[in-house]
Amino acid sequence: MLEPIEACWIEVERRTASGRASLHDVLRDVVVEQGLNDRQRRRLRALHRAGVEHRAAVRSALDAATPNGVARPLVDLVRAVVVRVLAGDLGPGDASRRLPWVDWAKVRTLPQQVGADLDEDGRIAARTSLPREVVARLRRAFGDDASEIAEGLCGTAPLFLRTNPRFGDLETIQAELASEGVDTRAVEWSAGALEVLGRPALFRTRAHRRGVFEVQDAASQLVARLVAPPEEGRVFDACAGAGGKTVALLGAWPSIELLSVDVDRERLATLGRRVRRGGHRMPRVLRVAADEWPADVDEFARSADRILLDAPCSGMGSLRRHPELRERWTASGHAKTLHIQRDLLTRATRVLRPGGRVVYATCSVLPDENEEQIQAVLADDQDLEVIPARDVLGDAARPALGDDGVYVRTFPHRLGADGFFAAVLTRRSR
């Protein structure tokens, strides 16, 4: 018989497989329907991540570790217990007492063994549940490092906070969090970022209610820092989404004139709530069509000192937070994403004034979404040039930059933060 957390996991699997709702929405709905507390919610999310990452191992468990086969009514139970064991949520001894006919010693070794008889692309794909074509792209781009990069996209992501300068410097905020039982350490390469140690009840703290911090990946914070607008400058946030970088900009440069736009009305509503919770001045916020900017937005963009283009992407740098993206990736969908990125980047650089800057960013490690997009727009417009990221961020950010310091490039297996890319383009003055 399924235990309550297992039944919740089966329900999350069923709903996400339909593709009609995001994992965030599915988890929210199941948590509310079942009345789960914070600890149960974290367990459920961890089980879902393990189920996706170990998909091949779970299939192997059903095929190989159960020599007499699995009766159809028991399939969900076996899958759920296997996933709990692989996620570390249930010990093999407890699993054996529930299902004594399963070879649990063999189940525990399956993640290391799966794909052993395949070629290198197939082996990496089987062990990480990445689409084989994504693995092939990683191997072409990164060679022998591709396996480490792919495996770095698995597992639990660290929890990072962006501190709100309105409440003091980093040490002051660390002390306030510590007084509420939240231990942190500073992220040396990302100014204003803290990594949370352990899993405290972060959202029950007074600091959270006051807006002292926002949960935001350390690499994402670095992208916002890369904008570096002049005091009282004009900034156009062209893909604002739910407002993570918008709020970061307002916190670091409160005197800028900021216009934030996006195609999604609900995400912009979230942006507004985050701005208010942080105690920042509300920017101008507009919903726009996907294929063009209205005249007033275009006019603002042409006068902007900075244009931030946090482009829609595959998410192939943030899979630890969004494991379902593995199973939703398709070659045709990726080609559409590349087209959208190119259109937005071309649109942004076309309106860029001399001396202004476009900051292009993705949460992907795939070069065709990153360097190749920059190279293409440079080839099309000879007046554009790249400003090295090291010139904007300084030596402190060196660990998050490529060897040449030109672009921001982060990989989970190296820094713990999500996989991000960012570049700064400017138009030469004529």
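The values are calculated or read from the model by the stated rules, or taken from the named source; none is laboratory data. All values reported here derive from a predicted model rather than from experimental measurement. Here the Cβ positions follow ideal geometry from the backbone for every residue, glycine too, while neighbour counts run over all protein chains shown.
Residues that are closer than 21 Å to E324 by Cα number at least 2 in the following helices (runs of 4 or more DSSP H) confined to the stretch 1-103: 4-18, 23-34, 38-53, 55-64, 75-86. Evaluate the stretch 264-283: report whether one residue or more is touching a His at 6+ places or on another chain (Cβ under 6 Å) and of a type outside the set (D, E). Looking through the stretch 264-283, none of the residues is touching a His at 6+ places or on another chain (Cβ under 6 Å) and of a type outside the set (D, E).
Only a single item in (1) small (G, A, S); (2) in a loop (DSSP other than H, G, I, E, B); (3) surrounded by fewer than 16 Cβ atoms within 10 Å (Cβ to Cβ) is not met by S318, and it is number (3). What about G356, is it modelled with pLDDT of 95 or more and at positive phi? No; evaluated as a whole, the condition is false for this residue.
Pairing residues of the stretch 131-142 that are not hydrophobic (A, V, I, L, M, F, W, C) with residues that are not in a helix (DSSP H, G or I), at Cβ distances under 7 Å and at least 6 apart in sequence or on separate chains, gives P131/W329; R137/L366.
Name the residues in the stretch 399-430 that are outside any loop (DSSP other than H, G, I, E, B) and touching a Lys or Arg at 6+ places or on another chain (Cβ under 7 Å), would you? Result: L401, P412, F421, V424, L425, T426, R427. Consider the stretch 176-204 and keep the residues that are at pLDDT 95 or above and more than 27 Å from L401 (Cα to Cα). The one that is surrounded by the most Cβ atoms within 10 Å (Cβ to Cβ) is L177. Of the residues making up the stretch 30-58, those that are free of Cβ contacts under 8 Å to residues at least 12 places away in the same chain and either in contact with a Phe, Trp or Tyr (Cβ under 9 Å, 6 or more places away or on another chain) or on the phi < 0 side of the Ramachandran plot (or both) are V32, E33, N37, R39. In the set I124, I149, I173, only one residue is crowded, with 16+ Cβ neighbours inside 10 Å, in contact with a helix residue (DSSP H, G or I) (Cβ under 9 Å, 6 or more places away or on another chain) and in contact (Cβ under 8 Å) with a residue 60 or more places away in the chain; that residue is I149.
The condition of being assigned to a helix (DSSP H, G or I), outside the structural domain of G405 (by TED's automatic domain parsing), basic (K, R) and more than 30 Å from G394 (Cα to Cα) does not hold for R166.
Residue-by-condition table, conditions (1) in the same structural domain as R139 (by TED's automatic domain parsing); (2) farther than 19 Å from F420 by Cβ; (3) assigned to a loop (DSSP other than H, G, I, E, B):
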| site | (1), (2), (3) |
| --- | --- |
| G333 | no, yes, no |
| K336 | no, yes, no |
| H339 | no, yes, no |
| L344 | no, no, no |
| R353 | no, yes, yes |
| V358 | no, no, no |
| A361 | no, no, no |
| S364 | no, no, yes |
| Q373 | no, no, no |
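Considering every residue within the stretch 343-366, establish whether at least one is touching a His at 6+ places or on another chain (Cβ under 6 Å), of a type outside the set (S, T, Y) and closer than 18 Å to V135 by Cα. No, every residue in the stretch 343-366 fails to be touching a His at 6+ places or on another chain (Cβ under 6 Å), of a type outside the set (S, T, Y) and closer than 18 Å to V135 by Cα. Being over 20 Å from the mean Cα position of the chain (by Cα) and within 21 Å of V261 (Cα to Cα): is that true of D296 here? Criteria met by D296. Pairing each residue of the stretch 393-418 that is under 14 Å from R225 (Cβ atoms) with any residue that is of a type in the set (S, T, N, Q) and not in a loop (DSSP other than H, G, I, E, B), provided the two are 6+ apart or on different chains, yields C-beta distances under 7 Å for A400/T410; A417/T410.
If you go through the stretch 312-319 one residue at a time, do you hit one that is polar (S, T, N, Q), touching a Cys at 6+ places or on another chain (Cβ under 7 Å) and under 30 Å from A50 (Cβ atoms)? Among the residues of the stretch 312-319, at least one is polar (S, T, N, Q), touching a Cys at 6+ places or on another chain (Cβ under 7 Å) and under 30 Å from A50 (Cβ atoms), which makes the answer yes. Have a look at E299, E231 and point out the one that is free of Cβ contacts under 8 Å to residues at least 60 places away in the same chain, more than 30 Å from I149 (Cα to Cα) and part of a loop (DSSP other than H, G, I, E, B). Step by step, each of E299, E231 is checked, and only E231 is free of Cβ contacts under 8 Å to residues at least 60 places away in the same chain, more than 30 Å from I149 (Cα to Cα) and part of a loop (DSSP other than H, G, I, E, B). Annotation note: Cβ proximity below 7 Å between a residue of the stretch 99-117 that is within 16 Å of A50 (Cα to Cα) and a residue that is outside any helix (DSSP H, G or I) (sequence gap 6+ or interchain) occurs for V107/A65; P111/H54. Of all residues in the stretch 205-228, those that are touching a residue at least 12 places away in the same chain (Cβ under 8 Å), assigned to a helix (DSSP H, G or I) and out of contact with any Lys or Arg (no Cβ under 6 Å at 6 or more places or on another chain) total 10.
The lone criterion from (1) buried (at least 19 other Cβ atoms within 10 Å of the Cβ); (2) more than 26 Å from R427 (Cα to Cα); (3) under 22 Å from the mean Cα position of the chain (by Cα); (4) not basic (K, R) left unmet by T246 is number (2).
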